[in-house]
Amino acid sequence: MKYVLLICDDEVDAPTNEQLAADPGHTSWLQELTRRSDVQAMARLRPVVDATTVRVRDGQALVSDGPFAETKDFVGGVVLLECADLDEAIAIAAGHPYARRGCVEIRPVWE
């Protein structure tokens, strides 16, 4: 079954890509991820200050800077993976370093 992991945190003191690459916790999670599941796609997102939101109301596109909602935690990355079941996806999500500083939301994919 396919699942998307939404990697969320408050973006305070977010590490750079270089810091993530040098972080043993993050690199070991990546190794475990590729060992346990079939990774379909993975991407780290730019900070929410770089976001653009589009809403269409009464046929008019309303474009605004920033996040789509007022929230404390923002989606900072996504991982699309194939797992045997939800238990495997939970184990993978629990191992992500951001699960200790933010959260990892697991969403099944419609197929």
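The values are calculated or read from the model by the stated rules, or taken from the named source; none is laboratory data. Source: prediction; values computed, not measured. Every residue, glycine among them, receives a Cβ derived from its backbone with ideal geometry; neighbour counts consider all protein chains shown.
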Pairs with Cβ under 6 Å, 6+ apart, first in region 10-39 and at positive phi, second loosely packed, with under 14 Cβ neighbours inside 10 Å and modelled with pLDDT under 90: E11/P47
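Filtering region 49-67 down to residues that are small (G, A, S) and assigned to a loop (DSSP other than H, G, I, E, B), which residue is surrounded by the most Cβ atoms within 10 Å (Cβ to Cβ)? Reasoning before the result, please.
Let us first name the residues in region 49-67 that are small (G, A, S), namely 51, 59, 61, 64, 66.
Checking the rest, the ones that are also assigned to a loop (DSSP other than H, G, I, E, B) come to 51, 59, 66.
Values: A51: 15, G59: 5, G66: 12.
Checking each candidate, the answer is A51.
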Only residues in region 44-63 that are on the phi < 0 side of the Ramachandran plot and free of Cβ contacts under 8 Å to residues at least 60 places away in the same chain count as the first member; pair them with residues that are surrounded by 10 or more Cβ atoms within 10 Å (Cβ to Cβ) and of a type in the set (K, R), Cβ under 9 angstrom, at least 6 apart or cross-chain, and list the lot. A61/R55; L62/R55; V63/R55
Subset of region 7-32 that is under 18 Å from G95 (Cα atoms) and among the β-branched types (V, I, T) - its residue that is surrounded by the fewest Cβ atoms within 10 Å (Cβ to Cβ): T27
By residue number, the members of region 1-36 that are more than 27 Å from W110 (Cβ to Cβ), part of a helix (DSSP H, G or I) and either in contact with a His (Cβ under 6 Å, 6 or more places away or on another chain) or among the β-branched types (V, I, T) (or both) are L20, T27
